[in-house]
Amino acid sequence: MSILLETTNLELAYGAFHAVNGVNLKVEAGTIHTIIGPNGAGKTSLFHCLTGERQATAGAIHFDGKNLMRKPAHGRVGLGMARSFQLTSLFQNLSVRENLRLAAQGRDGVRALNFWRRVDSKREHLEMADQVLERLQLTARADTLAGELSHGQQRVLEVGMSICSKPKLLMLDEPTSGMGIDDIPIMTQLISDLGRDHTVLLIEHNMSIVMSISQRITVMSHGQILVEGTPEFVRADERVRTAYLGEAA
Ligand SMILES: Nc1ncnc2c1ncn2[C@@H]1O[C@H](COP(=O)(O)OP(=O)(O)OP(=O)(O)O)[C@@H](O)[C@H]1O
């Protein structure tokens, strides 16, 4: 078993209040690992600490063997962490293919400006865009403006943009939120498919998705880990039923 991401006694305090309160999380490489928990449990705050959007106030984060605590957010992206942002990352007036090409180009950073590499790079970026288009089952919509896609397809495109950087860890925060019932199976299938060649850390409220695609589930409550294990283990735990599943039912 190889651990890609590990936090030790991680804390994030907003003043006197600890949104993340001593979290020891281990994410195994090659798994879909889902964080669940009631509203306000600290899931998004934990993501903020991992991506560097917020500086954790105590504890440690190790990713792929490296200590992340002093790394700024962009440095973490460079190490192979990608987070899918909700709709804000799409260029609505560009085609679906162009959105993906730009995401692939973004991976190269300043190297993309190197004159001698530019022609080769552009071809590589287009190839990457086409591969991802196929994976998203959006090839037929390649030339459609992103803003003309359905809400669900836009969410799928966002996830596609984050895989263009070939991340080691793909972080998805409620990818199905706001999606119509018809689009949810497409996203579920996509995440499940991505789990075959990426490590995926997911926050998701839809229990049927969580139970069907996760290899491991961490249940958070009041900033701490309440229970962790396989879907079967978590489903059977009385504390989870009381703290979360019961409440959701
Ligand atoms: N900037 C902030 N300042 C103060 N408190 C905050 C801030 N952001 C979040 N909190 C509080 O931290 C706690 C955890 O919030 P967080 O958004 O991490 O929970 P969550 O588990 O992601 O919830 P949800 O499922 O509703 O998104 C909540 O009580 C929230 O009110």
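Of everything in segment 37-59, what is at pLDDT 95 or above and at positive phi? Give them in sequence order.
Result: G42, G59.
Across segment 217-246, which residue is nearest to G30 (Cα to Cα) among those that are β-branched (V, I, T) and open to solvent by 10 Å² or more (accessible area, probe 1.4 Å)?
Let us first name the residues in segment 217-246 that are β-branched (V, I, T), namely 217-219, 225, 227, 230, 234, 240, 242.
Restricting the remaining residues to those that are open to solvent by 10 Å² or more (accessible area, probe 1.4 Å) gives 225, 230, 242.
Working: I225: 22, T230: 15, T242: 31 Å.
So the residue we want is T230.
Identify all residues within segment 140-160 that are of a type in the set (V, I, T) and either closer than 17 Å to L194 by Cα or at pLDDT below 90 (or both); write none if there are none. Outline the logic, then answer.
We begin by selecting, within segment 140-160, every residue of a type in the set (V, I, T); these are 144, 156, 159.
Hits for segment 140-160 are V156, V159.
Would you check if there is a residue in segment 188-201 being more than 26 Å from A73 (Cα to Cα), assigned to a strand (DSSP E or B) and open to solvent by less than 20 Å² (accessible area, probe 1.4 Å)?
No: zero hits.
Picking from S214, S177, which residue would you name as being in contact (Cβ under 8 Å) with a residue 24 or more places away in the chain, loosely packed, with under 14 Cβ neighbours inside 10 Å and not acidic (D, E)? Break it down into steps so the answer makes sense when it comes.
On the way: S214 fails: loosely packed, with under 14 Cβ neighbours inside 10 Å.
Just one listed residue meets the conditions, S177.
Scan segment 77-87 and tell me whether some residue there is within 16 Å of the ligand (Cβ to nearest atom), on the phi < 0 side of the Ramachandran plot and modelled with pLDDT of 85 or more.
Yes, segment 77-87 contains a residue that is within 16 Å of the ligand (Cβ to nearest atom), on the phi < 0 side of the Ramachandran plot and modelled with pLDDT of 85 or more.
The values are calculated or read from the model by the stated rules, or taken from the named source; none is laboratory data. Nothing here was measured: the structure is a model prediction, and the numbers come from that model. Cβ atoms come from the backbone with ideal geometry, glycine included; neighbour counts cover every protein chain shown. All accessible areas refer to the heavy atoms of the entire protein, side chains included, with ligands and DNA or RNA removed. Shrake-Rupley method; radii C 1.70, N 1.55, O 1.52, S 1.80 Å.
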